[in-house]
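Written out below as structure tokens is the structure these notes cover.
The values are calculated or read from the model by the stated rules, or taken from the named source; none is laboratory data. Worth saying up front: this structure is predicted, and the values here are computed from it rather than measured. Heads up, the Cβs are rebuilt from the backbone with ideal geometry, glycines too, and the neighbour counts pull from every protein chain shown. The accessibility values were calculated without ligands, DNA or RNA, using every heavy atom of the protein model including side chains. Shrake-Rupley method; radii C 1.70, N 1.55, O 1.52, S 1.80 Å.
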Amino acid sequence: MPRKGKAMKITRISVYQQDLPLEHPYWLSGGRLKFECLDASFVKIETDAGFVGWGEGTPWGHTYVPAHGPGIRAGIETMAPFILGLDPRLVLEVERAMDLALPGHLYAKSPIDMACWDIAGQAAGLPIADLMGGGSRTPRPIASSVGAKTIEDTRAVMDRYRQRGYIAHSVKIGGDVARDIARIRDVEDQRRVGEIILYDVNRGWTRQQALRVLSATEDLNIMVEQPCESLKDIAAISGKHATPVSVDECLVTLQDAVAVAENGWAEIFGIKLNRVGGLTKAARMRDVALAHGIDMFVMATGGSVLADAEALHLAATIPDDHCHAVWACQDMLTVDIADGRGPRNKDGHLHLPEAPGLGVHPDEEALGDPLAVYS
Ligand code: MG
């Protein structure tokens, strides 16, 4: 029996690699970036108290943001000696040890942070969201990911998701002013009552392209995400259009969050757990957002039901009115490493797991042998 209330030490860290093929090829930025398979790293942390925690780090390929699967595994190799022996429930101590061992490389830290929160939740007998201070049980809408290029494809993909119950959609645009305006207008024509639609540019506009599309669609009252490459670009256009903007790829550090909030460069945060370094760091961004009237989408950067569950726990700690949607990347994959367990799509929503910790673990047999074990 795992013991409670006493010191606990991390005794072993095992790292697994798993390819997660996408069911359909997927394009971002108007076809500039194509994705077909994700490189996932799963991390098992064992303790001398018998608790076992799991984490996942699945970047969205290696062309989307500065993160890649082999980098996660190399980062864990570097950090492991600094983490072994620590109490995983003391997530701030683990965070500081990782930051000392390896400055930056937040995406490599998030699976460790996730596994530590999993253990902390199990040891406390609470779902992670409750351990973080209290999780809403209001089911979170799942945002689809519509990585299409033409009007016809966009309609087909959105209908596919609507048939699965989805009411939130992230429609990928960018790269061509006329095509983007036409696609936005068509999606708005087809929009159903109650749907949440975010137009995600994934950095695909220059400043002039952004201003032309946003001025041409101003009557439609839309939201866009990451219209331009950098925070400087987003800042430069922020006073020149009336459309609410979400920052996603450019929201990496707490300093980014503070700068966006202080200067009013965006009205929404798109928090991706793997990119920002895990729950511990993301929770601070949440608080910066709430203190500045900024709403949130919370998502895994990619990955299996484990990554989706982590995002759902953070989303549950955001007041209902300020959390627009989560994402279920699992619905885009052809493999399931947890055989239907954990939070799954129910009428287009994810429901917070009530089990202590993360609420879902992978099938170890499905993962094969670990690539590395540190002890
Ligand atoms: Mg995005």
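Each residue in region 101-127 was checked for being open to solvent by 10 Å² or more (accessible area, probe 1.4 Å) and not small (Gly, Ala, Ser), and 8 pass. Counted as qualifying within region 184-293 are the strands (runs of 3 or more DSSP E) with 2 or more residues that are of a type in the set (A, V, I, L, M) and under 18 Å from residue 147 (Cα atoms), namely 196-200.
Looking at residue 331, is it among the charged types (D, E, K, R), modelled with pLDDT of 95 or more and under 16 Å from residue 139 (Cβ atoms)? Judged against the criteria, residue 331 is not a match. Criterion applied to 160, 164, 155, 140 was being among the basic types (Lys, Arg) and over 13 Å from residue 348 (Cα atoms), and the one residue passing it is 155.
For the residues 370, 343, the requirement of being assigned to a loop (DSSP other than H, G, I, E, B) and closer than 19 Å to residue 135 by Cβ singles out 343.
Mind counting the residues in region 163-176 that are out of contact with any Pro (no Cβ under 9 Å at 6 or more places or on another chain) and either open to solvent by less than 50 Å² (accessible area, probe 1.4 Å) or part of a loop (DSSP other than H, G, I, E, B) (or both)?
Count: 9.
Please find, among 317, 334, 301, the residue that is more than 21 Å from residue 117 (Cα to Cα) and among the hydroxyl-bearing types (Ser, Thr, Tyr). Answer to the check: 334.
Which residues, taken from region 56-85, are polar (S, T, N, Q) and crowded, with 20+ Cβ neighbours inside 10 Å? It would help to see each step written out before you state the result.
Taking region 56-85 and keeping what is polar (S, T, N, Q), we get 58, 63, 78.
If the condition is that a residue be polar (S, T, N, Q) and crowded, with 20+ Cβ neighbours inside 10 Å, then 58 is the only one that fits.
The residues of region 319-335 that are open to solvent by less than 60 Å² (accessible area, probe 1.4 Å) and either within 20 Å of residue 225 (Cα to Cα) or small (Gly, Ala, Ser) (or both), listed by number, are 323, 324, 325, 326, 327, 328, 329.
Does region 350-366 contain at least one residue that is hydrophobic (A, V, I, L, M, F, W, C) and closer than 20 Å to residue 296 by Cα?
First, pick out the residues of region 350-366 that are hydrophobic (A, V, I, L, M, F, W, C): 350, 352, 355, 358, 360, 366.
So of that shortlist, the ones also closer than 20 Å to residue 296 by Cα come out as 350, 352.
Yes, the conditions are met somewhere in region 350-366.
Looking across region 206-235, the residues that are more than 15 Å from the ligand (Cβ to nearest atom), surrounded by fewer than 22 Cβ atoms within 10 Å (Cβ to Cβ) and under 11 Å from residue 173 (Cβ atoms) come down to 209, 217.
Hey, can you tell me all the residues within region 347-364 that are over 19 Å from the mean Cα position of the chain (by Cα) and over 24 Å from residue 113 (Cα atoms)?
347
If you go through region 289-318 and keep only what is open to solvent by 10 Å² or more (accessible area, probe 1.4 Å), within 16 Å of the ligand (Cβ to nearest atom) and of a type outside the set (Asp, Glu), you end up with just 299. Residues in region 188-205 that are touching a strand residue (DSSP E or B) at 6+ places or on another chain (Cβ under 9 Å) and more than 16 Å from the ligand (Cβ to nearest atom): 188, 191, 195. Mind counting the residues in region 230-272 that are under 13 Å from the mean Cα position of the chain (by Cα) and basic (Lys, Arg)? Residues in region 230-272 being under 13 Å from the mean Cα position of the chain (by Cα) and basic (Lys, Arg): 1 in total.
Could you tell me whether any residue of region 314-325 is part of a loop (DSSP other than H, G, I, E, B), within 19 Å of the chain's Cα centre (by Cα) and either among the hydroxyl-bearing types (Ser, Thr, Tyr) or at pLDDT below 95 (or both)?
Going residue by residue through region 314-325, those that are part of a loop (DSSP other than H, G, I, E, B) are 317-319.
Going one step further and asking which of them are within 19 Å of the chain's Cα centre (by Cα), we end up with 317-319.
Still in the running and either among the hydroxyl-bearing types (Ser, Thr, Tyr) or at pLDDT below 95 (or both): 317.
Looking through region 314-325, at least one residue is part of a loop (DSSP other than H, G, I, E, B), within 19 Å of the chain's Cα centre (by Cα) and either among the hydroxyl-bearing types (Ser, Thr, Tyr) or at pLDDT below 95 (or both).
Among residues belonging to region 236-252 that are of a type in the set (Gly, Ala, Ser) and closer than 15 Å to residue 268 by Cβ, point out the one that is farthest from the ligand (Cβ to nearest atom). Filtering region 236-252 for residues that are of a type in the set (Gly, Ala, Ser) and closer than 15 Å to residue 268 by Cβ, the one farthest from the ligand (Cβ to nearest atom) comes out as 242.
Among the listed residues 185, 179, 275, 284, identify the single one that is open to solvent by 10 Å² or more (accessible area, probe 1.4 Å), closer than 26 Å to residue 25 by Cβ and within 18 Å of the chain's Cα centre (by Cα). Before you say what the answer is, go through the steps one by one.
Working: 185 fails: within 18 Å of the chain's Cα centre (by Cα); 179 fails: within 18 Å of the chain's Cα centre (by Cα); 284 fails: closer than 26 Å to residue 25 by Cβ.
Among 185, 179, 275, 284, only 275 is open to solvent by 10 Å² or more (accessible area, probe 1.4 Å), closer than 26 Å to residue 25 by Cβ and within 18 Å of the chain's Cα centre (by Cα).
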